[in-house]
Structure formats: C-alpha cells, structure tokens
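**Student:** One structure is given below, represented as structure tokens, and several questions about it will come after.
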Amino acid sequence: MKSMYPALRGGPRRSPRRAPGFTLVELLVVIAIIGVLVALVLPGITSAQQRARQVACASNLRQLNIGLVGHLQDRRDHIPFVYAWSNARPLNE
C-alpha cells in the first residue's frame, strides 16, 4: 500500500539544490552593518587627527624656540633678522 505522506517514507531525502553564494538580503545586511560601524568610528578618527595636528604644531613651536635660544646663546643675545614678506628687507635694523 502506498503512503499518503511520501516524506514519512524511509529513504534519503533530497533538498533542492541551492546555488553557492550569498543572497541579496545577506549582502545588504552586511553592508548596513559595515556602514553603522564606520559611522561609529569616524568621529574618533576625526578627533584623533585634530589632536595630532595640535601635537605637531606644539612640537614645531618647541623646535623654533630651541633654535632661537641656541642662536641667542651663540650670538650674544642678538636676535636674527626678520624679513617682511612684502619687500624682503630686515624689520629690526
């Protein structure tokens, strides 16, 4: 006698064959998650870049000060010439 329910019969079941790869929904979910992570990290990167600029500026000012102090010690407290940008002649003559 034949069974009304073929799935309940003994024997191996075969599932429909799926093509390998990702579905569109899975790809969109991954892209959305990456977008959220980027949005969370971006403000931290921006503030770190601003802090790096501040540190570089402070370092440059420190180096200028060290150079000026060294020059003053070598030249008996004579300040080096400072030239104006417009006419290129010493300002402190």
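**Student:** Taking only the range 65-76 into account, find how many residues are assigned to a helix (DSSP H, G or I) and either in contact with a Phe, Trp or Tyr (Cβ under 8 Å, 6 or more places away or on another chain) or exposed (fewer than 10 other Cβ atoms within 10 Å of the Cβ) (or both).
**Tutor:** 2
**Student:** Condition first: at pLDDT below 65 and on the phi > 0 side of the Ramachandran plot. Now tell me which residues in the range 66-93 satisfy that.
**Tutor:** Ala88
**Student:** Do we have Ala7 as assigned to a helix (DSSP H, G or I), exposed (fewer than 10 other Cβ atoms within 10 Å of the Cβ) and at pLDDT below 70 here?
**Tutor:** The answer is yes for Ala7.
The values are calculated or read from the model by the stated rules, or taken from the named source; none is laboratory data. A quick note: this is a predicted structure, and the numbers were derived from the prediction, not measured. FYI the Cβ positions are ideal-geometry reconstructions off the backbone, even for glycines, and counts take in every protein chain you see.
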